[in-house]
Amino acid sequence: EDGASTVVTPELEKLARRAMKNVAARFEESCLAHAARTGDKSGASAVWSLLVGLKLVVANTGDCLAVLGRNGQGVVLTCEHMPHIPSEAALVRAGGGEVIEEDGVPSAAKSKGPGMGYLGSRLTRAFGNPDMKPVLTAIPS
């Protein structure tokens, strides 16, 4: 059967979205395991997609954007996860962090301890970056 003719039921779409979240969780586990083995404290952003019949399911974590070309125009399918966005700032606070200004730019911040300053990130979601967990999440949108 031609996959393009597949009827995308709400159940199938829900399964596709769950699969996307599972991919993110596995990649996050891999990034954190790598950090534990090597001491690498860096982070990563990603965008990925899954074609289900004629429906494109897209997810991203961080500042990657998916853009679809349609009739010669770019259509942005995802958003950047930045702390100046109210829902993303709420996510940072829910993770125990706060949003502060660094050089006039909002940053997700995690306290190093009383009187010791902050660790900061210009993103609210990222893979790896173990020192910023749980303030930064890898859960895609």
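The values are calculated or read from the model by the stated rules, or taken from the named source; none is laboratory data. Keep in mind it's a predicted model, so treat the numbers as computed, not measured. Here the Cβ positions follow ideal geometry from the backbone for every residue, glycine too, while neighbour counts run over all protein chains shown. These area figures cover heavy atoms from the full protein model, side chains too; ligands, DNA and RNA do not enter into them. Shrake-Rupley method; radii C 1.70, N 1.55, O 1.52, S 1.80 Å.
Worth pointing out:
- Among the residues of the range 116-134, the ones that are open to solvent by 30 Å² or more (accessible area, probe 1.4 Å), of a type in the set (Gly, Ala, Ser) and touching a strand residue (DSSP E or B) at 6+ places or on another chain (Cβ under 6 Å) come to 1 in all.
To keep it simple, each residue is scored yes or no on (1) polar (S, T, N, Q); (2) within 28 Å of LYS14 (Cβ to Cβ).
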residue	(1), (2)
GLY53	no, yes
HIS81	no, yes
LEU91	no, yes
GLY96	no, no
ILE100	no, no
GLY104	no, no
THR124	yes, yes
PRO134	no, yes
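- Residues located in the range 10-50, provided they are open to solvent by less than 50 Å² (accessible area, probe 1.4 Å) and part of a loop (DSSP other than H, G, I, E, B): GLY39, SER45
- Strands (runs of 3 or more DSSP E) (entirely within the range 51-141) containing at least 3 residues that are more than 26 Å from GLU29 (Cα to Cα): 67-70, 73-76, 98-102
- Verdict on GLY113 being out of contact with any strand residue (DSSP E or B) (no Cβ under 6 Å at 6 or more places or on another chain) and open to solvent by less than 70 Å² (accessible area, probe 1.4 Å): yes
- Of all residues in the range 51-62, those being at pLDDT 90 or above and open to solvent by 10 Å² or more (accessible area, probe 1.4 Å) number 1.
- Of everything listed in (1) out of contact with any helix residue (DSSP H, G or I) (no Cβ under 6 Å at 6 or more places or on another chain); (2) under 26 Å from PRO134 (Cβ atoms); (3) crowded, with 17+ Cβ neighbours inside 10 Å, the single unmet condition for HIS81 is (1).
- If you filter the range 63-77 down to residues that are of a type in the set (Val, Ile, Thr) and under 21 Å from ILE139 (Cα atoms), you find that the one that is surrounded by the fewest Cβ atoms within 10 Å (Cβ to Cβ) is VAL76.
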